[in-house]
Structure formats: C-alpha cells, structure tokens
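One structure is given here, and the rest of the page talks about it.
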Amino acid sequence: MNRIHHWIDGRSVEGRSGRVGPVFDPATGVQQAEVDLADVSEVDAAVAAAKAAFPAWRATSLARRAEVMFRLRELLDANRKELASIVTAEHGKVLSDALGEVARGLENVEFACGIPQLLKGGYSEQAATGVDVYSIRQPLGVVAGITPFNFPAMVPLWMLANALACGNTFVHKPSEKDPSASLFLADLLTQAGLPVGCFNVVHGDKVAVDRLLEHPDVAAVSFVGSTPIARHIYETGTRNGKRVQALGGAKNHMLVLPDADLDMAADAAVSAGYGSAGERCMAISVVLAAESIADDLVERIAARLPSLRTGPGTEPDSDMGPLITGEHRDRVRSYVDRAPEEGASVVVDGRAETERPGFFMGPTLLDHVRPGMACYDDEIFGPVLSVVRISGYDDGIRMINANPYANGTAIFTRDGGAARQFQFDVEVGMVGVNVPIPVPVSYYSFGGWKASLFGDTHMYGPEGVSFYTRGKVVTSRWPDPSTSTIDLGFPQNR
C-alpha cells in the first residue's frame, strides 16, 4: 500500500513514530494509502529546518522572493490538472470543482508576486531638524499553517504564498485525510527555487498540532477548520505567546426577498448549497424565504435537484462527489433522520445515495426549518439545504444577526436600497448581493465575524501580509559631530 511521508528540509522523510492513518478513496470507500502521523520529535525536526533556513531567506531580496512566487505561479498553472486530480482522488470532489479550487489558490500566489509593492513602508523627511523617520515591515520567523480537508490545495496557498513572500519560513500540517496535495506543493516550491528548509510538511493529528502550538520557535499559526478546534488553536497558541488567526465554522444564510428573480435565486441556492457536496465553509446552508414567495422558491429549488448526478469525482458527468469519510456521511444523514421529528419537512431526500459503495449522500432539501432544530443550529457540512420561512426583511436580518456564526451571507433582491441597507445592517464578515458565495478576490481578505473567527486578522490579501510581518519604525539623525551635546530633556520634534 502507498505510504505518504513527511517533507522536511527539502526531502521526503519516512515517519518514525510507528503511527499511521488511513487515506481513503471516498468514491469507493476503499483505503488507498496510509499516511505517517508525526510525533513530537518529527515536528521539532521540521521546525528546526525552518528555523535554520530563516536567516538566509529573510535576507533574500524582495526581487528574488518575488521571482520565486512568479515561478510558482507558472508551475501551478502548468500543473493545475495534476494537482486537481490529486485533490479529487483523496477528497472526492468533482474534477471541475477541484480545478476551481486550484485556480483560486493560484490567485493568491499572483497577489504575493507583488510583494515588493506590498512591503513598501513610509518615510518622513525632516520630522525634526535633521531627523528622518521611516517605517518598515519585517518577517516573524517560523510560521505554521494547519489546514482542513475540504480545500487541500487552496487553503495552504492562502497561507504559504504571503508567508514566504514576506520572508518567513513555513511548517505545514495538512489534514491527514487528504495529505498528498501538500507534498505536490512542496515539490513545486522546490522547482520554483525556494531554498531548502523554507517549506516543510508534517502529517499528523492532535499530537502534531499541539506541538506546533507549544513550540517556542514557532512565531505564528494560521488555521482553518471547525469552530471548536479554532477556539482551541487560538487559546492554546496565544497562551504560548504566538500570533494566531483561526477561522472556524459557519452557518451561512441567503435572504430572498419577494422582488428577487426566483429562478436566479433557485440556481444560486442549488449551486451554493450542493457544490463540493456542501463541504465548504462558505456554502449556503439556510435559505431565508419571504413567506409570500416561499412555496414558489421551494418548488423551483426542488425541481432542479433531480438533474444533479451524484457520482465519483473522476466521472465527467458527476455534479457532486462523495463526502470525505463514512463517519462524516453518517453524521450528515443523522440530521435528515431527525428533521421530521423536530417539525421540518423533507422535500427532497438524498439518503438513498448512502446505500451505495463509497461515502455518498444525495442533495437533500428541508422546508419549514426553524431555529432550535438541530438541522438549523449546527453546521452540517454536507449537501443539506434548509429553508426557513420569514415574514420579511426585518425578520431575516434579526435571524442572521442572532446566529453565533458570521462567516458569509447573501441577499437576493432587485431593490438597490434594500441591498445597501442589508450590507450595512448585517453582522457578518463577507456579504454577497445577488452573489451566493461571496469569497473575496485575492487582493481583499477572507474571514468572518463572531464564532467564525478567532483573532483579529483575516486570511490572505492585505491582512495576510500584515499578519505575517511586524512593523518597525526607525528614527535617524546624521548630525555634524561638532554639534553634539548632552540633553536630558524629553525629545522634541521642533
């Protein structure tokens, strides 16, 4: 059976812990590989390699760092199909979705290519007589990225592109469920000319995560995953003196007002609810439908679902692939099992797909859902879309703002005034207007509010550059030595 190893100090390193984890083909349910699970010493070796590489990489010119990013961009572009195939094989998402993931990750590398511009500081000449003041941003040192199973290529690129371009070195702990994409990225970075030791990969579980959070030589940690783990990452990392950005879970609402184009809204709900089998932190999982149009909208959504084909991600006519594991599929199904007992209606039932080989669950539509039901309150992270009927705009805003999650949201309307009021009123980090999945482009930053984000810095874009650097202000004077005197007074700017 194929064995997946770590990548430390520029080479593949076989695990020594004696522990391995299974890697499945989600489309068949058959184990296709096993991955080494790191112990503390292996994490320490990766951090030591990154620490040793940092001084030279930090001293590397901005032009040279940008050159590495440009080369990485070209290599990603040339190898996007191979990387997407790796994602599909281990995660299960359909190939077109995997290609889209790679494309969005590549955009972040393109942003990092502009690092000479992004790290420009400020300069004030003659701030006081003969005194100049200027600001610079410098890298932190060794930084770590802990990434989720649902985007094994894109999310690492959210982190590593800016981190490396800013002059840091990087230790990556990918999900042990689909670890191979991280090794492919390590190879591309090597081909791009990144020096040995600047990028390392350790596979593992809680042992590896906790060691990264405690290691004295790790300056910062970036994380994307569930809210309970994000809270643990943030609290443990900051307690150990680290800078932490930890993105958690979501329960994204789409508000549909009576004047909306209902065909457009139905298309958007299906696309955003069932793409990648609902395993997206930006998936729409709740449609808030104004009562006057709710029946019509539910009918239109339901009418679209029979045409969606659930099947292996490698088959070109598949619209939706399997879930990541059998355990997760069973958890998603349990919410549908409970829904009628709690008062919801199962309009379209995808549970029949769970009987086939692999970890499949068909698109499922629930109606008459209300807060307090498990299918509403919890992040299901699967192909289950819930419809909540509301009286109107104020009721919808109240419900969205009362939710503990605040990652993404959307409004569908033809009324520009209502849309503008929505973006003003709603307490959510990313907002779409007639756009169901408002993931920001690479030159903005990604992140939610409330229980969807722990820390005060969003991911990638300008805030990503800020997260991976720290500011320094230099005050300088080059006086004539003959004018030097002792002055114990408070410094003056006159």
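The values are calculated or read from the model by the stated rules, or taken from the named source; none is laboratory data. Predicted, not measured: the structure shown is a model, and the values here were computed from it. Every residue, glycine among them, receives a Cβ derived from its backbone with ideal geometry; neighbour counts consider all protein chains shown.
Observations on the model:
- Those residues of the range 6-19 which are within 13 Å of residue 208 (Cβ to Cβ) and touching a strand residue (DSSP E or B) at 6+ places or on another chain (Cβ under 6 Å), in sequence order: 6, 8, 15
- Residue within the range 479-488 that is assigned to a loop (DSSP other than H, G, I, E, B), buried (at least 20 other Cβ atoms within 10 Å of the Cβ) and in contact (Cβ under 8 Å) with a residue 24 or more places away in the chain present: no
- If you go through the range 321-354 and keep only what is in a loop (DSSP other than H, G, I, E, B), crowded, with 19+ Cβ neighbours inside 10 Å and either outside the structural domain of residue 388 (by TED's automatic domain parsing) or of a type in the set (Gly, Ala, Ser) (or both), you end up with 321, 344, 350.
- Of all residues in the range 352-390, those being touching a Leu at 6+ places or on another chain (Cβ under 8 Å), of a type in the set (Val, Ile, Thr) and touching a residue at least 60 places away in the same chain (Cβ under 8 Å) number 4.
- The range 373-397: number of residues that are part of a helix (DSSP H, G or I) and among the hydroxyl-bearing types (Ser, Thr, Tyr): 2
- Candidates 271, 318, 285: the one that is among the small types (Gly, Ala, Ser), under 22 Å from residue 96 (Cα atoms) and in a loop (DSSP other than H, G, I, E, B) is 318.
- Test: residue in the range 295-311 that is touching a residue at least 12 places away in the same chain (Cβ under 8 Å), surrounded by 24 or more Cβ atoms within 10 Å (Cβ to Cβ) and in contact with a Pro (Cβ under 9 Å, 6 or more places away or on another chain): no
- Test for residue 465: is it free of Cβ contacts under 8 Å to residues at least 40 places away in the same chain, touching a helix residue (DSSP H, G or I) at 6+ places or on another chain (Cβ under 7 Å) and either buried (at least 21 other Cβ atoms within 10 Å of the Cβ) or of a type outside the set (Asp, Glu) (or both): no
- For residue 177, the conditions (1) under 24 Å from residue 458 (Cα atoms); (2) of a type outside the set (Ser, Thr, Tyr); (3) in contact (Cβ under 8 Å) with a residue 60 or more places away in the chain are fulfilled apart from (1).
- Of the set (1) under 22 Å from residue 84 (Cβ atoms); (2) in contact with a helix residue (DSSP H, G or I) (Cβ under 7 Å, 6 or more places away or on another chain), all apply to residue 211 but (1).
- Residue among 362, 358, 408, 382 that is crowded, with 24+ Cβ neighbours inside 10 Å, within 18 Å of residue 308 (Cα to Cα) and of a type outside the set (Phe, Trp, Tyr): 382
- Failed criterion for residue 210 (all others in (1) in contact with an Asp or Glu (Cβ under 8 Å, 6 or more places away or on another chain); (2) in a helix (DSSP H, G or I); (3) not assigned by TED's automatic domain parsing to the domain that holds residue 376 hold): (1)
- Among the residues of the range 358-368, just one is within 10 Å of residue 322 (Cα to Cα) and out of contact with any helix residue (DSSP H, G or I) (no Cβ under 8 Å at 6 or more places or on another chain), namely 358.
- Candidates 420, 370, filtered to the one that is touching a strand residue (DSSP E or B) at 6+ places or on another chain (Cβ under 7 Å), among the charged types (D, E, K, R) and either surrounded by 14 or more Cβ atoms within 10 Å (Cβ to Cβ) or in a helix (DSSP H, G or I) (or both): 370
- Selection status of residue 259, assigned to a loop (DSSP other than H, G, I, E, B), assigned by TED's automatic domain parsing to the domain that holds residue 397 and surrounded by fewer than 23 Cβ atoms within 10 Å (Cβ to Cβ): yes
- Taking the criterion of being among the polar types (S, T, N, Q) and in contact with a Phe, Trp or Tyr (Cβ under 7 Å, 6 or more places away or on another chain), the residues of the range 437-494 that qualify are 442, 445, 452, 457.
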